[in-house]
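Written out below as structure tokens is the structure these notes cover.
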Amino acid sequence: VMATPEAAKEVADALGGTTSVDYGVESMCEVSSHASVDMVMAAIVGAAGVRPSLAAASKGKRVLLANKESLVVTGHLFMDAVRAGGAEVLPIDSEHNAIFQCLPDGRFAGEHGVKKILLTGSGGPFRERRLDTFSQISVAEAVAHPNWSMGRKISVDSATMMNKGLEFIEACWLFDVHPEQIDVVIHPESVVHSMVQYVDGSVIAQMGNPDMRTPISYGMAWPNRIDAGVADLSFKDVLSLNFNTPDFARFPCLKLAMDAMTAGGTTPAILNAANEVAVASFLAESIRFDQISVVNERVLETLTSAKVVSVEQVLECDKEARALASQIITRECH
């Protein structure tokens, strides 16, 4: 299934009629919930991946969750669908996969004497850049992540640390913890992928080279492990590991996301939608890098949050936030 009819036709023509090729969200939902499908890698970027991920969960699939927006936007609705459908959700984001590995049964931290989840992030390419130069950051600079190879949108989110903020929200839902039970830690080397701190003073960390084949293979083979083709971590070459507290003046998007989870309701969905529009505008060179957080904050200030009651409601909320973000960009960012 492709995103557009044009893409579907191109692929169908290339395959010469040997494979059925469809397009659109409804077809994505049909494929991800199909009776012959056992495992779904939910890796569509952004809110566009919400409905196919929900469809897979509601039909009891093993969902390898790389689309964090499924939980950011729908929150308890996604977890309710997982429970009702009897699905398995295995996180594929390196940080959540690390937390999963550090918990005794991989989930529901509250049952095991967990005190804190320590969510690590590299800090992206601008963790030491002078703040008074942020207005001059180019698209090329923002998408050049020092440790990971990612798509353009996620690379920008990493540079603003919005990506870590969305992961913060996702972790609350995945592991059934309150926002105050998660600390975000800057770890430039990206060797420790996250940690879990216990009430007895223990801290368990998952470490490895920054390679997405590790969490993907772990999710596919769980509860077993398979050779993922990833190079062994060499402690001869890892000379030091550094950990710091994030600076919210440098990373205002991170603070917005953490506050959005505390506020609850549709606030995370509003923030996610605004951010997708703001990042797309930055990538199109319509706004500056430092204006991404400004657009996000203005949308949050303007729209009223409500209790999440249905998927249709949050998707309508998503639509409204996108429209407002576009208006703010047109009125205030040129």
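The values are calculated or read from the model by the stated rules, or taken from the named source; none is laboratory data. On a predicted model such as this, the values are computed, not experimentally measured, just so you know. Every residue, glycine among them, receives a Cβ derived from its backbone with ideal geometry; neighbour counts consider all protein chains shown. Heads up: the accessible areas ignore ligands, DNA and RNA and are worked out on the full protein's heavy atoms, side chains in. Shrake-Rupley method; radii C 1.70, N 1.55, O 1.52, S 1.80 Å.
So here's what we get for this one:
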| quantity | calculated |
| --- | --- |
| Dipole magnitude of the chain, debye to nearest 20 (Cβ charges: Lys/Arg +1, Asp/Glu -1, about Cα centre) | 200 |
| Alpha-carbon Debye profile of the chain, log10 I(q)/I(0) at 0.06, 0.07, 0.12, 0.13 Å⁻¹ | -0.21, -0.29, -0.87, -1.03 |
| Computed log₁₀ I(q)/I(0) - Debye formula, equal Cα scatterers, no solvent, segment 28-149, q 0.09 Å⁻¹ | -0.35 |
| Pair Phe248, Ile226: separation of 7 Å Cα→Cβ label points (nm) | 4.4 |
| Calculated P(r) tail over 23 Å for segment 154-272, as whole % of Cα pairs | 42 |
| Dimensions (Å) - segment 15-74, Cα atoms, principal axes, largest first | 39, 22, 16 |
| More than 17 Å apart - percent of Cα-Cα pairs taken over segment 263-334 | 35 |
| Total formal charge among the other residues, if their Cβ is under 14 angstrom from that of Ala47, Lys/Arg +1 and Asp/Glu -1 | -3 |
| Rounded accessible area per residue of the chain, 1.4 Å, Å² | 46 |
| Portion, in percent, of the accessible area of segment 218-299 that falls on carbon or sulfur, probe 1.4 Å | 52 |
| Residue among Gly86, Ser286, Pro52 farthest towards the positive dipole end of the chain, charges placed on Cβ | Ser286 |
| Segment 153-220 - Debye-derived log10 I(q)/I(0), Cα point model, q = 0.11, 0.17, 0.27 Å⁻¹ | -0.32, -0.79, -1.43 |
| The chain: relative contact order as a whole-number percent, Cα under 8 Å and 6+ apart | 16 |
| Extreme residue, positive dipole direction of segment 49-204, given options Thr133, Val63, Gly201 (C-beta unit charges) | Val63 |
| Over segment 70-212, equivalent-ellipsoid semi-axes from the Cα gyration tensor in Å | 28, 18, 13 |
| Antiparallel content of DSSP bridges confined to the chain, in %, to 5 | 40 |
